[in-house]
Amino acid sequence: MRLSVLVYLVLWLKCVQVVHGDIVARNFITWEDFMVDEDGIAYSDVGGRVIVVDQSGNGDSTTVQGAVDMVPHNNTQRVKIFIYPGTYRERVHVPKSKPLISFIGKPNIMGNGNALNSMDIANAILPILTNSTKASDKASDGQEFGTIRTATLWVQSDFFCATAITIQNLVDKDADKRQAVALRVDGDKAVFYQVRLVGEQDTLLDNTGIHYFYQSYIQGSVDFIFGNAKSLFHECVLYSVAEFWGAIAAHHRDSADEDTGFSFVDCRITGTGSIFLGRAWGKYATTVYSYCDMDDIINPLGWSDWDNPSSQGSAMFGEYECSGKGSNRIVFFFVLVFVIWVQVDSAEGGVRNYISWEDFQVNEQRLFFKKSHNDVRVIVVNQNGGGHSKTVQGAVDMIPKNNKHRVKIYINPGIYREKVYIPVNKPYVSFIGKRNQTARTVITWNSKSSDMGPNGQALGTYDSATVGVDSDYFCATAVTFENSVIASAGGKGMQAVALRINSPRAMFYRVRIKGTQDTLLDNTGTHYFLKCRIVGKVDFICGSAKSLYENCRLQSVAENYGAIAAHHRNSPKEDTGFSFVGCSIRGTGSVYLGRAWGNYSRIIYSKCNMDGIINPEGWSEWNHPDRKKTAVFGEYECKGEGADRRFRVPWSKSLSYQEARPFLYESFIDGEQWLRL
């Protein structure tokens, strides 16, 4: 054990006896408090009481809460609750009036002498205390639980300890308000040794008090260790299950006088996604990592100010002698007591010429508006009032021209009937809807190409767009872009664009793009669509851009015939094309995978799952037979009924890995130059 660990614990992991009359209260925690003799049930020299929990009925209680209820109020001696294997589906509360309690799972790691390391704990078969309550669920009083009331286990007891048990809260990861606490600790002086905490968002609410987590496994995706306690995490595994972005810790400390913080020592950080080491939940948040081994899942920025730049001069975020790919710091500087890492891509004005997961996030509880253009700005759109603008275009108009810092437009749920344009002189703009409510945040209009414009001329396809984006480094999430025109097969002038993109670089994550004909005009530039849903009938993804569509759902609503993609490329020297990787193709009608809008049209589908709606021929030369020789239409390792190539047009290709490789990854869109995900 390192000296720093001993110093941290010296105030309370020591043998002190406080005498209350004739009864000696042991106000400390020792290794004995984690042990039971499974043969004799209790060590006679401990003097404590053992309550056995066995859901089969062979113990003192069949539930964990039932055992807690058996502990007398204001007890002055250690009571051990020995929990037999099983899955206990209950929410448990250990109140303040019942201190000196141990939860000990079977197999009893300490008692059997079979000590495990923290990674072993991840896979060990332990008793499971489980629950599936999330913040948006309704309590018996008819009100939402909120985050702090969702806990599977809530500990207010002082001198509490636990070992060899799994505590989890598992909810649908796509649910609204999915904060779901597995363990909430408010008691003072608590130790958790070789426990497993499993959840996703807000797994461990380390709320108040002083706590020690030793050789434990803690799993989650977003802020999965959060609170305002003073806690040491020693030799723990911190395991991210984030799909994309996430964060380990979110410490809340609003005053420099508060003696709180999270210290991680000798921990192992691994898993998936791109995660922050910590986010500044409070202005004086304190989080430090020492001697930790970090996999390359750490976001290169390392830390987030949670859209509150004022925290950068007061929060304390630091790293000391950490190792692993995730510990690499490219540029760093010290601002008062706050260590932050930044990447500067332009010497003039510190412009961030890239898109990161942070650009898709706002703290919905702490939305604010900065007048200074030197800070990240959040502009709130609420059609009912209460924001900075009632319209999305009104919010865009508030952005200064030639701005050099990210501006986030947070759009509250609602149907916004308007056309929106983000011009080229307003880069670094994010559209962010309410998390997991994409279908409820809709920007919609109903222009079609044959409609007359203000100049008396037909709009044409280009100007029919509900939303037009020329802004560089634009990104959007949790928003629906819609053109409500319903095109009929063979109808003229029915092109109706929901989203037109001319951005040099743009990313769309979990958005919906809905229309019928020419839904998405992916016109020019380099773009990344991740986990999006795109709906249409005819050529509903069209344009001349170079774009990667990864894990998207392509939904045909064609009654008869239709086509998914129509790429326009008139020269082999044009470095453009559409690449679809890991996408799901579903819906109705009989649709082509693509049509050759230009002589050198280029469209590739790789590892996609295709329902039986694909026209057996697969591809169309758009009545230009000469394009059969020049268009690049290919498929690689696709599956599903629609992936059957027996009747494909002979001029399309079944690609080998080497042929498909240039189209499979973010390198196809030069992502290494402008994405930090």
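Sort through PRO427, PRO454 and tell me the only one that's without any contact (Cβ under 8 Å) to a residue 24 or more places away in the chain and assigned to a loop (DSSP other than H, G, I, E, B).
Values: PRO427 fails: without any contact (Cβ under 8 Å) to a residue 24 or more places away in the chain.
Selected residue: PRO454, the only one of PRO427, PRO454 that is without any contact (Cβ under 8 Å) to a residue 24 or more places away in the chain and assigned to a loop (DSSP other than H, G, I, E, B).
Can you name the residue in region 241-266 that is of a type outside the set (A, V, I, L, M, F, W, C) and surrounded by 23 or more Cβ atoms within 10 Å (Cβ to Cβ) and, of all such residues, is nearest to SER314 (Cα to Cα)?
Here the answer is ARG253.
Residue-wise test of (1) assigned by TED's automatic domain parsing to the domain that holds SER136; (2) more than 29 Å from GLN495 (Cβ to Cβ); (3) touching a Gly at 6+ places or on another chain (Cβ under 8 Å).
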residue: VAL407; (1), (2), (3): no, yes, no
residue: ASN425; (1), (2), (3): no, no, no
residue: GLY453; (1), (2), (3): no, no, no
residue: GLY456; (1), (2), (3): no, no, no
residue: THR466; (1), (2), (3): no, no, no
residue: THR477; (1), (2), (3): no, no, yes
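Which one of ILE167, ILE101, ILE125, ILE109 is surrounded by 22 or more Cβ atoms within 10 Å (Cβ to Cβ) and at pLDDT below 85?
ILE109
Taking the options GLU617, GLU635, GLU641, GLU672, name whichever one is among the acidic types (Asp, Glu) and surrounded by 16 or more Cβ atoms within 10 Å (Cβ to Cβ). Step through it out loud before you land on a result.
Values: GLU617 fails: surrounded by 16 or more Cβ atoms within 10 Å (Cβ to Cβ); GLU641 fails: surrounded by 16 or more Cβ atoms within 10 Å (Cβ to Cβ); GLU672 fails: surrounded by 16 or more Cβ atoms within 10 Å (Cβ to Cβ).
GLU635 is the lone residue from the list that is among the acidic types (Asp, Glu) and surrounded by 16 or more Cβ atoms within 10 Å (Cβ to Cβ).
Filter region 616-636 down to the residues that are part of a strand (DSSP E or B) and in contact (Cβ under 8 Å) with a residue 40 or more places away in the chain, then identify the one that is nearest to TYR657 (Cα to Cα).
Checking each candidate, the answer is GLU635.
Here's the yes/no breakdown for (1) part of a loop (DSSP other than H, G, I, E, B); (2) of a type in the set (A, V, I, L, M); (3) touching a residue at least 12 places away in the same chain (Cβ under 8 Å):
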| position | (1), (2), (3) |
| --- | --- |
| ARG178 | yes, no, yes |
| THR208 | yes, no, yes |
| ILE218 | no, yes, yes |
| PHE226 | no, no, yes |
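Would you confirm whether any residue within region 282-303 is of a type in the set (Lys, Arg), free of Cβ contacts under 8 Å to residues at least 60 places away in the same chain, outside any helix (DSSP H, G or I) and closer than 17 Å to GLN361 by Cα?
No, region 282-303 contains no residue that is of a type in the set (Lys, Arg), free of Cβ contacts under 8 Å to residues at least 60 places away in the same chain, outside any helix (DSSP H, G or I) and closer than 17 Å to GLN361 by Cα.
Residue pairs, Cβ under 7 Å, 6 or more apart or interchain, first in region 53-69 and in the same structural domain as ALA151 (by TED's automatic domain parsing) and crowded, with 16+ Cβ neighbours inside 10 Å, second of a type in the set (S, T, N, Q) and in a strand (DSSP E or B). List them.
Sorted first by the residue in region 53-69, then by its partner, the pairs are VAL53/SER61; ALA67/SER61.
Has region 44-52 got at least one residue that is crowded, with 16+ Cβ neighbours inside 10 Å, within 38 Å of the chain's Cα centre (by Cα) and either at pLDDT below 90 or assigned by TED's automatic domain parsing to the domain that holds PHE103 (or both)?
No: region 44-52 contains no residue that is crowded, with 16+ Cβ neighbours inside 10 Å, within 38 Å of the chain's Cα centre (by Cα) and either at pLDDT below 90 or assigned by TED's automatic domain parsing to the domain that holds PHE103 (or both).
The values are calculated or read from the model by the stated rules, or taken from the named source; none is laboratory data. These numbers come from a predicted model, not from an experiment. FYI the Cβ positions are ideal-geometry reconstructions off the backbone, even for glycines, and counts take in every protein chain you see.
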